[in-house]
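Notes to accompany the following structure.
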Amino acid sequence: MLNLFCSKIKPEGVSVVSLDKALETNHLNARVGDNVEIKCDVTGSPIPPIVWRRNQLDLSSINEEDVRVFSDGSLYLTRIQLQHAGNYTCHAQRNKDVVQTHVLTVHSK
């Protein structure tokens, strides 16, 4: 396992962000209609906000009921469709250099 760390000194202390498995690509398979949860293995103090992208598109900029990002950084996709397939990446909001990649393949029933 590879742990990558970056730290930034702030007046109130040190903030450390770690993204486990940053250089690994996680391959996921799902079927149309499935629900999928994808975890972003980011830790930090305080816990950093997570940015998710699908095929380079920031998921916070789209308004899809079936795509939700939870406060713990996990991404939840409900009622998967073929158009949900693609490369999902996550990173801490203030550190775009350390990215974790998940490749989702969707199969028809």
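General remarks:
- Members of region 19-59 that are among the hydroxyl-bearing types (Ser, Thr, Tyr) and closer than 22 Å to Val106 by Cα: Thr25
- The residues of region 47-87 that are out of contact with any Leu (no Cβ under 8 Å at 6 or more places or on another chain), at pLDDT 90 or above and aromatic (Phe, Trp, Tyr) amount to a single one, Tyr76.
- Residues that are surrounded by 16 or more Cβ atoms within 10 Å (Cβ to Cβ) and polar (S, T, N, Q), drawn from region 79-98: Thr89, Asn95
- Cβ-Cβ contacts under 7 Å between residues 6 or more apart (or on different chains), taken from a first residue in region 88-99 that is without any contact (Cβ under 8 Å) to a residue 40 or more places away in the chain and more than 12 Å from Pro49 (Cα to Cα) to a second residue that is part of a strand (DSSP E or B) and of a type outside the set (A, V, I, L, M), are listed as Thr89/Arg53; Thr89/Gln100; Thr89/Thr101.
- Among residues of region 53-107, those that are more than 15 Å from Ile38 (Cβ to Cβ) and of a type in the set (A, V, I, L, M), counted: 5
- Residue check for Thr101: polar (S, T, N, Q), surrounded by 13 or more Cβ atoms within 10 Å (Cβ to Cβ) and under 18 Å from Gly44 (Cβ atoms): no
- Residue that is part of a strand (DSSP E or B), small (Gly, Ala, Ser), modelled with pLDDT under 90 and surrounded by 15 or more Cβ atoms within 10 Å (Cβ to Cβ), where the choices are Ser7, Ser15: Ser15
- Selection from region 26-70 of residues that are small (Gly, Ala, Ser) and surrounded by 11 or more Cβ atoms within 10 Å (Cβ to Cβ): Ala30, Gly33, Gly44, Ser45, Ser60
The values are calculated or read from the model by the stated rules, or taken from the named source; none is laboratory data. None of these values were measured; they are calculated from a predicted model. As a convention, Cβ positions derive from the backbone with ideal geometry for all residues, glycine included, and neighbour counts pool all protein chains shown.
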